[in-house]
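Notes follow the structure.
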Amino acid sequence: MAELEEITLRSVLHRTARYFGNNEALVDAHNRYTYAETLDLVQRTAALLHSLGVRKGDRVALMTLPSPVHVIALFGIIELGAIPVTLHAREKASVLAKVLTRLMPRTLIYYETLADTVGELRQLMPEITSFVCARSGTEEKVAVDDLCIPDDLHRFELDFEPMPIAASDTAAIVLTSGTTGVPKGVMHSHRGMVEGARGAVYPFQLGPFSCLVNLFTTSFMGWYNVTLPFINVGGKLVFMEQWDPAAYLQKMADEKATFCFLVPTMWRMLLKLPVEDYDLSSIGLAGFAGEVMDTATLRAIRERICTNVINAYGTTETGTSAGTVMFSDDLLKEDKIQSIGKPMLNSEARVIIPGGDMDDEVPPGEEGEIIIRGPSRAVQMWNDPALSRKVFRGDWWYSGDLGHLDDEGYLYIHGRVDDMIITGGINVLPAPIEEVMLSHDQVSECAVVGLPDPEWGQRVTAFVIASHEELTADHLHDHAQASDLPNYQRPKEFRFVTELPRGSSGKTSRKTLREQAIAAES
Ligand code: AMP
């Protein structure tokens with residue numbers, strides 16, 4: 001019997017273009033491309049890159065904001081069997097150079113507005129042999145000497161058959177958030193990415209008429225998680241370069257978005273606006289991922305945006321569908337509201353003794369380290385065998401997240417092992433404390449960390465962004481006293497700040513916050 005053709009990200013786009021060619025695929029303020037047009041531009045991009053010497057297995061770095069041209073460049077790389085790696089575009093040139101030195105890409109594709117940083121990289125990285133400019137058409141054209149996507153694509157045509165790709169070949173390297181230190185490259189195979197795209201279709205409830213306004217940072221796994229399932233089914237992706245909650249609401253109304261998916265911090269910002277003034281009747285599903293959600297915001301989403309809400313848990317290493325999902329009906333169960341749900345299609349989650357092995361499962365209700373396996377799991381770390389061996393063991397991935405399973409198989413995440421506070425000898429995680437602080441109506445953001453303390457070892461410290469000037473530490477103290485938090489969890493100190501450090505994915509970095517606070521004290 002003949003072998004079935006292996007499905008890869010390349011064949012996914014080809015198939016969608018064949019059967020849903022007239023569907024709108026990629027949209028931004030200046031461009032609207034169908035799937036047929038997208039594939040044509042992708043293949044021309046592949047020809048352009050080939051002319052610069054890019055071949056199968058070569059890494060090609062991208063420094064691009066969320067836009068149609070980013071998707072075209074990414075799939076142009078994939079068309080050749082080369083490996084895209086999207087950089088954290090807003091990082092300093094010196095950090096970017098460290099990442100690039102590890103990855104050694106042949107070519108760098110950069111967004112026109114990031115040309116200045118790229119100028120520095122040209123000096124720092126002579127190993128990169130070619131640079132390509134990506135233009136979205138939304139800004140004044142800056143004169144560049146490099147070839148441009150899409151402007152120069154009419155000169156290129158894919159007049160050869162690209163190298164075959166196997167499902168086990170690397171499809172993309174996705175960087176970890178790297179809030180401190182140099183981000184690591186997580187390698188995903190075509191098989192894993194295709195499984196992820198397919199596996200996410202059911203929790204995201206997608207079809208060829210679905211539409212998402214997508215402003216996820218392009219370097220973040222979350223970008224792949226929301227983008228690839230749409231491309232797989234032929235849905236419409238509308239891109240915005242920057243997070244502007246009012247513009248986002250307007251865009252969802254204009255484009256008749258069917259799905260609204262954001263990290264909790266963004267939801268809190270969005271819900272401060274008069275969302276009722278926008279026609280959001282097309283939205284059939286709301287969702288969140290990436291951080292622990294507070295119940296007040298969850299309720300507000302349900303009441304003000306859409307009653308159908310999901311919570312998805314995933315990481316750079318789980319890929320799109322090896323995490324867990326909490327469906328809308330699950331979230332209606334009051335006793336389960338804190339759960340991140342059950343493993344997605346064909347995935348598994350276990351809770352083991354921290355530092356233990358896959359068979360060292362702890363009983364339901366007991367805290368331990370979450371380990372995950374499933375078809376979209378990453379394969380290994382780029383150029384880091386020691387770390388690969390530590391976190392990928394057998395087909396399991398060791399998450400470094402602490403949590404527990406209940407006796408019905410619902411998973412609960414307590415926080416990162418790294419975020420653990422040890423105060424008076426007791427282990428405390430920030431999430432429940434932050435939840436209480438966020439329930440104060442004059443607190444708009446909060447992050448809790450442990451700072452060195454002569455008496456307590458670590459003192460529970462809440463960093464708070466106030467939404468009203470009158471808010472004082474005494475008010476917050478009283479609020480914590482009146483809550484259900486046990487004494488040892490109540491913050492010993494409150495500090496007011498105007499912003500909290502964030503990783504490239506937009507999530508609050510408690511690690512950076514803690515380090516900054518300690519550095520400021522010493
Ligand atoms: P990253 O790999 O940078 O995307 O970060 C993954 C981490 O984000 C996980 O290890 C969790 O600590 C956290 N995370 C992701 N999704 C959720 C969620 N739905 N609820 C709580 N925490 C989450």
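The values are calculated or read from the model by the stated rules, or taken from the named source; none is laboratory data. Just so we're clear, the structure is a prediction, and the values are computed from it rather than from any experiment. Note: ideal-geometry Cβ built from the backbone for every residue, glycine included; neighbour counts use all protein chains shown. For the accessible areas, the whole protein counts, side chains as well, though only heavy atoms, and no ligand, DNA or RNA atoms are used. Shrake-Rupley method; radii C 1.70, N 1.55, O 1.52, S 1.80 Å.
Annotations for the structure displayed:
- For region 232-272 and region 375-452, distance of Cα centres in Å: 27 Å
- Entries in LYS92/LYS511; LYS342/LYS390; LYS141/LYS236 that, when Cα-Cα distance is taken, lie over 21 Å: LYS342/LYS390; LYS141/LYS236
- Of the GluC sites (Glu not before Pro) found in region 128-160, those in coil by DSSP whose Cβ has at most 10 other Cβ atoms within 10 Å are GLU140.
- Helix axis angle, 115-124 relative to the chain longest principal axis, alpha carbon, degrees: 80 degrees
- Order by protection proxy (mean Cβ within 10 Å, highest first), peptides 40-53, 477-490: 40-53, 477-490
- Distance histogram in 10 Å bins (all Cα pairs of the chain, percent per bin): 4, 18, 29, 27, 16, 5, 1, 0
- The chain - percent of accessible surface contributed by carbon and sulfur, probe 1.4 Å: 50 percent
- A simple charge model with +1 on the Cβ of Lys and Arg, -1 on the Cβ of Asp and Glu and nothing else charged puts the dipole of the chain at about 1120 debye relative to its Cα centre.
- Within region 1-130, antiparallel bridges make up roughly 25 percent of the DSSP beta bridges whose residues both belong there.
- For region 448-495, the share of DSSP beta bridges that are antiparallel, to the nearest 5, is 65%.
- Between ALA246 and VAL95, full extension at 0.36 nm per residue minus the direct alpha carbon distance yields a gain of 51.1 nm.
- Taking a ≥ b ≥ c as the square roots of the eigenvalues of the alpha carbon gyration tensor, region 396-469 is oblate, as a/c is not under 1.5 and a/b does not beat b/c.
- Relative to one another, the C-alpha centroids of region 280-322 and region 196-214 are positioned 14 Å apart.
- Taking each residue as 0.36 nm, the span from ALA482 to LYS272 lengthens on full extension beyond its C-alpha to C-alpha distance by 73.1 nm.
- In nm, spacing of pseudo-spin labels at THR498 and ALA296 (7 Å Cα→C-beta vector): 2.3 nm
- Beta bridges by DSSP in the chain, antiparallel share as percent, to the nearest 5: 55 percent
- Remark: relative contact order (region 166-322) = 23 percent; criterion is Cα-Cα distance under 8 angstrom and separation of 6 or more residues.
- Accessible surface area normalised per residue over the chain is 41 Å², counting heavy atoms of protein chains with a 1.4 Å rolling probe.
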